[in-house]
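K.L.:
Structure in structure tokens, see below.
The values are calculated or read from the model by the stated rules, or taken from the named source; none is laboratory data. Values in this document were obtained by computation on a predicted structure and should not be read as measured data. Here the Cβ positions follow ideal geometry from the backbone for every residue, glycine too, while neighbour counts run over all protein chains shown. Heads up: the accessible areas ignore ligands, DNA and RNA and are worked out on the full protein's heavy atoms, side chains in. Shrake-Rupley method; radii C 1.70, N 1.55, O 1.52, S 1.80 Å.
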Amino acid sequence: MPLKIELKPGEKFIVNGAVMVAGKSGASLALRNQAVLLRGRDVMQESEATTPARRLYFTLMLMYIDPDNRAAHAQSFARFLGEYLEATTLASTRAKLERIGGLAVADEYYAGLKLCRELIALEDSILTLTQSSANRPKPGQKP
């Protein structure tokens, strides 16, 4: 079954390692065979990989779009996954991490990236709560 996506004008995307840009009026793209496709909004820069979930996402993304260096990226991915599993005790997070690891082993990188985005959203919400708690005045302290 072909994959069909609609691209906004000027939207960047990667197909089999080639960075492409949709024209001024956008584009409709149909892939009729197996290909690596990643939209620009799903591309993460290395400098953005600043949390455990983001490091997982970044290395998994590299495994997906850079098959020539997949083995090296897979080593980093396995290390980051192991560190994250070691650090978390939340059953739901551990289950997601194990599922992401299974998807990576099965070469289902895009599905793994989708789950990583869920972990990133969870991390963001936790970090936001932590920062807002740190900024709250302590009991007896004036705001």
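K.L.:
Rounded to the nearest 0.05, what FRET efficiency is calculated for ALA74 and ILE126 with R0 set to 30 Å and r the Cβ-Cβ distance? Before the final figure, lay out each step's value.
P.N.:
Numbers: r = 27 Å, r/R0 = 0.91.
With a Förster radius of 30 Å, E is 0.65.
K.L.:
Which order do you get for MET20, MET44 if you rank them by accessible area with a 1.4 Å probe, largest at the top? Don't jump to the answer; show the numbers that get you there.
P.N.:
On the way: MET20 80, MET44 25 Å².
Accessible-area ranking of MET20, MET44, largest first: MET20, MET44.
K.L.:
Right, here's the next one. For the chain: lysine pairs with Cα atoms under 21 Å, gap of 8 or more or different chains, count?
P.N.:
On the way: LYS4/LYS12; LYS4/LYS24; LYS4/LYS114; LYS8/LYS24; LYS8/LYS114; LYS12/LYS24; LYS12/LYS114; LYS96/LYS114.
Summing the qualifying lysine pairs gives 8.
K.L.:
Just to confirm the number: angle between the C-alpha axis of helix 70-87 and the first principal axis of the chain, 0 to 90 degrees, nearest 10?
P.N.:
Its long axis makes an angle of about 20 degrees.
K.L.:
Percent relative contact order of the chain, based on C-alpha pairs within less than 8 angstrom and at least six residues apart? Don't jump to the answer; show the numbers that get you there.
P.N.:
Numbers: 155 pairs, mean separation 23.8, N = 143.
It rounds to 17 percent for the chain.
K.L.:
Can you give the local net charge around GLY26? Use residues other than it whose beta-carbon is closer than 15 angstrom to its beta-carbon, Lys and Arg +1, Asp and Glu -1. Working shown, then result.
P.N.:
Working: positive: LYS4, LYS8, LYS12, LYS24, ARG39, ARG41; negative: GLU6, GLU11.
Local net charge: +4.
K.L.:
May I ask you to give the percent of accessible area on segment 14-71 that is carbon plus sulfur, with a probe radius of 1.4 Å?
P.N.:
Numbers: 1630 of 3360 Å².
Of the solvent-accessible surface of segment 14-71, carbon and sulfur hold 49 percent.
K.L.:
Run the 1.4 Å probe and let me know the accessible area of LYS96, rounded to the nearest 10 Å².
P.N.:
Surface accessible to solvent at LYS96 totals approximately 60 Å².
K.L.:
Looking only at Cα atoms, what is the convex hull volume of the chain per residue, in Å³?
P.N.:
Working: hull volume 21.9 nm³, N = 143.
Measuring per residue, one finds 153 Å³ for the Cα hull of the chain.
K.L.:
Report, to the nearest 10°, how far helix 109-135 tilts away from the longest principal axis of the Cα atoms in the chain, using its own Cα long axis and a range of 0 to 90°.
P.N.:
That helix lies at roughly 30 degrees to the long axis.
K.L.:
Which number do you get for Rg(Cα) / (2.2 N^0.38 Å) in segment 41-116?
P.N.:
Numbers: Rg = 11.4 Å, N = 76, 2.2 N^0.38 = 11.4 Å.
Computed over Cα atoms of segment 41-116, the ratio equals 1.00.
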